[in-house]
Amino acid sequence: MESIYYVLCWACHRQCRHCYEVRFRPYAPADLRRVVDEAGAAFPRVIAHLPEDFSYLDLSAPSEGAPGGYERRSGRIILAGGEVLVDPVREEVLYPALDLLRGRYAGQGVRVIVQTTGDLVTPGIVDDLLARGVWMISCAGMDDFHVGMEGEKRIPVEERLRAIFEAAGMRDSARTAGARDWSRQDDAGPCYSFFGATDDAWIGKIWPRGRAWEHSLSTAAIEDNFCNAWSGGLNFLRRGVAGSEVSIDPNGDVFPCCLKTAIPLGNLQEERLDDILDSLAGHSVFEAIAMGHPERMGLAHGWSVARFLDASRTTTPAGADYRNLCIGCDRFHEQVLGPVIEALRAGRLAARRGADGVAPA
């Protein structure tokens with residue numbers, strides 16, 4: 001894989017109106033303990049079921065002397081929330097997960113990124129993260145939707161963070177919000193970055209998900225294909241080459257995109273990621289997603305492009321007409337794809353029981 005986006009825990013210290021997931025929010029003490037315990041129980045098995053070889057071929061870097069004819073790069077794992085720096089997620093989930101990843105991928109040069117809103121960062125936390133091999137701290141709350149970060153209010157926040165990062169020996173990655181140039185090899189690290197849901201970013205039009213949907217904040221139209229972009233389903237099946245990424249929920253559910261399809265592809269507490277992706281390769285639905293053409297995912301199931309586009313129409317909670325391919329994707333999953341995904345999962349589990357010498361149920 002080139003990249004995995006792993007949401008470690010639902011807990012957050014904010015409840016932003018534009019958030020794509022309603023479960024990212026502050027929790028009362030008993031509920032906080034529940035979501036932290038869920039994350040703590042899941043992450044060791046999730047990490048154990050990640051690919052053993054976490055690298056990919058960079059197709060932008062041909063090399064006659066390299067196996068496969070291209071340079072092989074180390075992949076990256078983005079650990080995000082919610083807010084992974086909030087107590088007790090930081091001590092009970094994030095730090096142990098970092099230690100486990102460091103041990104599992106020792107010697108592979110895997111780049112681990114911790115994504116945070118930024119406002120909980122302290123010099124001590126930065127030292128803790130760097131001591132655990134973190135390559136980048138990415139501050140994702142730099143936009144007008146985060147309270148206290150609106151407009152020029154975020155300037156002193158960024159200045160404070162820069163001072164903390166640079167005092168720790170980190171450097172600005174110089175990545176712009178719209179350029180997902182992760183294959184650059186000049187980033188020795190450790191480094192830092194800033195981004196948010198701004199007009200120049202790939203999430204600027206706001207995903208039709210979660211509280212953002214509840215507040216009718218998405219400005220995306222039918223031609224705004226979130227699937228055909230970074231953090232969408234594009235290339236998620238291209239395991240082993242540049243562009244491959246999947247998203248993981250705290251319970252281990254796997255999705256082809258950060259927006260999340262209506263049904264997960266599988267669960268990493270019970271299966272290896274390689275097995276899940278291998279079972280989807282060549283399947284017309286998932287190949288359409290991986291090619292960034294979700295409108296074609298139903299062709300083999302009686303859903304023409306015209307029908308998919310018609311299913312992509314809805315009305316926002318505010319009462320406005322809305323059309324986006326994510327809506328059609330949700331409806332196709334709900335109306336057609338559920339039994340297909342369950343059959344694929346059952347086949348994988350039966351094959352695994354057979355390989356382990358246990359008679360399939």
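The values are calculated or read from the model by the stated rules, or taken from the named source; none is laboratory data. In this text, all values refer to a predicted model and were calculated from it rather than measured experimentally. Cβ coordinates were reconstructed from backbone atoms using ideal geometry, including for glycine residues, and neighbour counts include every protein chain displayed. SASA here: full protein model, heavy atoms, side chains in, ligands and nucleic acids out. Shrake-Rupley method; radii C 1.70, N 1.55, O 1.52, S 1.80 Å.
Descriptive notes on the structure:
- The criterion of being assigned to a loop (DSSP other than H, G, I, E, B), of a type outside the set (Gly, Ala, Ser), modelled with pLDDT of 95 or more and farther than 30 Å from GLY204 by Cβ holds for LEU50.
- Filter result for ALA80 (in contact with a strand residue (DSSP E or B) (Cβ under 8 Å, 6 or more places away or on another chain) and either without any contact (Cβ under 8 Å) to a residue 60 or more places away in the chain or of a type in the set (A, V, I, L, M, F, W, C) (or both)): yes
- Test: ALA163 is under 30 Å from ARG17 (Cα atoms), assigned to a helix (DSSP H, G or I) and open to solvent by less than 40 Å² (accessible area, probe 1.4 Å): no
- Among the residues here, ALA320 does not qualify as without any contact (Cβ under 8 Å) to a residue 12 or more places away in the chain, of a type outside the set (Val, Ile, Thr), out of contact with any helix residue (DSSP H, G or I) (no Cβ under 6 Å at 6 or more places or on another chain) and open to solvent by 30 Å² or more (accessible area, probe 1.4 Å).
- Qualifying residues in the range 289-310 (those that are at negative phi and in a loop (DSSP other than H, G, I, E, B)) - the one most open to solvent (accessible area, probe 1.4 Å): MET291
- Selection status of SER244, under 13 Å from the mean Cα position of the chain (by Cα), buried (at least 20 other Cβ atoms within 10 Å of the Cβ) and either more than 30 Å from ALA41 (Cα to Cα) or among the polar types (S, T, N, Q) (or both): yes
- If you go through the range 89-147 and keep only what is of a type in the set (D, E, K, R) and closer than 19 Å to CYS191 by Cβ, you end up with ARG102, ARG111, ASP127, ASP128, ARG132.
- Pairs linking a residue in the range 189-200 that is closer than 17 Å to HIS146 by Cβ and part of a loop (DSSP other than H, G, I, E, B) to a residue that is hydroxyl-bearing (Ser, Thr, Tyr) and at pLDDT 80 or above, with Cβ atoms under 9 Å and 6 or more positions apart or on different chains, are PHE195/SER138.
- A residue that is on the phi > 0 side of the Ramachandran plot and surrounded by fewer than 22 Cβ atoms within 10 Å (Cβ to Cβ) occurs somewhere in the range 109-119.
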